[in-house]
1. Could you tell me whether Glu93 is closer than 22 Å to Ala34 by Cβ, more than 16 Å from the ligand (Cβ to nearest atom) and not in a loop (DSSP other than H, G, I, E, B)?
2. Just give me the residues in region 113-142 being in a loop (DSSP other than H, G, I, E, B) and either crowded, with 19+ Cβ neighbours inside 10 Å or at pLDDT below 95 (or both), in sequence order.
3. Can you name the residue in region 30-50 that is in a helix (DSSP H, G or I) and open to solvent by 40 Å² or more (accessible area, probe 1.4 Å) and, of all such residues, is nearest to His60 (Cα to Cα)?
4. So is Lys48 over 25 Å from Ser141 (Cα atoms) and more than 11 Å from the ligand (Cβ to nearest atom) or not?
5. Do the conditions hold for Val70, that is, is it at pLDDT 95 or above and either in contact with a strand residue (DSSP E or B) (Cβ under 8 Å, 6 or more places away or on another chain) or of a type in the set (Lys, Arg) (or both)?
6. Give the residue, chosen from Val22, Val26, that is away from the ligand (no atom under 15 Å from the Cβ) and within 19 Å of Leu118 (Cβ to Cβ).
7. Mind checking which residues of region 51-90 are in a loop (DSSP other than H, G, I, E, B), open to solvent by less than 90 Å² (accessible area, probe 1.4 Å) and either away from the ligand (no atom under 16 Å from the Cβ) or among the charged types (D, E, K, R) (or both)?
Amino acid sequence: MTVALQDNTHTTAKTNVALTPVVSVVKKIRFSAAHYYYLPQLSESENKARFGLCANTHGHGHNYDLCITVSGPMDPQTGMVVNLKDLKHILEETVMRQFHFKNINLDVPYFKDKLPTLEHLVVYFWQELNNALTPLSLQLSALRLYEDDTLFVDYWGEIMIEGQQ
Ligand SMILES: [Zn+2]
């Protein structure tokens, strides 16, 4: 009987791949804004029952802190993942100009028919920041949004769910 011996050795093709450090840079900004929670399809008493003091349509304010994480390889020349001058300009245009000292319900069109919850806000910031960072080949990898010292949300973008559209 002849037994064929299998050759389990593999050769690795030489490539020009090199390891490079990937660093996450976190920038924190603060903006002050007013909001309220009120669903027009509910009655005044239903809104008060559901949202309590937050249903007062005169609004109330928060000092929000937004932490933006941008990840990627370092530029070998500058040692930077992101030029903070570029990031500052983007944050000024996408967050500060639209939200600082504004009433979110009244001043930001996206929130005309959405409650300005932390969850809705962080998803909105992700869309806006991702749109601004992608053309610069920068990867937004996380957002953290604080409403105060005791409450915040984390967001890492969307996931695909099978069977849902
Ligand atoms: Zn509030």
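1. Details: closer than 22 Å to Ala34 by Cβ: yes; more than 16 Å from the ligand (Cβ to nearest atom): yes; not in a loop (DSSP other than H, G, I, E, B): yes.
Yes: the conditions hold for Glu93.
2. Scanning region 113-142 gives Asp113, Pro116, Ser137, Leu138.
3. So in region 30-50, the residues in a helix (DSSP H, G or I) come out as 44-50.
Filter again for open to solvent by 40 Å² or more (accessible area, probe 1.4 Å), leaving 44-46, 48-50.
Details: Glu44: 17, Ser45: 19, Glu46: 19, Lys48: 15, Ala49: 17, Arg50: 17 Å.
Filtering first and then ranking leaves Lys48.
4. Working: over 25 Å from Ser141 (Cα atoms): yes; more than 11 Å from the ligand (Cβ to nearest atom): yes.
The answer is yes for Lys48.
5. Values: at pLDDT 95 or above: yes; either in contact with a strand residue (DSSP E or B) (Cβ under 8 Å, 6 or more places away or on another chain) or of a type in the set (Lys, Arg) (or both): yes.
So Val70 fits the description; yes.
6. Details: Val22 fails: within 19 Å of Leu118 (Cβ to Cβ).
The conditions single out Val26.
7. As a first pass, look at region 51-90 and keep what is in a loop (DSSP other than H, G, I, E, B): 56-59, 74-83.
Applying the additional criterion that residues be open to solvent by less than 90 Å² (accessible area, probe 1.4 Å) yields 56-57, 59, 74-75, 78-83.
Met74, Asp75, Thr78, Gly79, Met80, Val81, Val82, Asn83 - these are the residues of region 51-90 that are in a loop (DSSP other than H, G, I, E, B), open to solvent by less than 90 Å² (accessible area, probe 1.4 Å) and either away from the ligand (no atom under 16 Å from the Cβ) or among the charged types (D, E, K, R) (or both).
The values are calculated or read from the model by the stated rules, or taken from the named source; none is laboratory data. Note that this is a predicted model, so its numbers are computed, not measured. No Cβ is skipped: glycine too gets one built from the backbone with ideal geometry, and neighbour counts run over all protein chains shown. These accessible areas exclude ligands, DNA and RNA; they are computed on the full protein's heavy atoms, side chains included. Shrake-Rupley method; radii C 1.70, N 1.55, O 1.52, S 1.80 Å.
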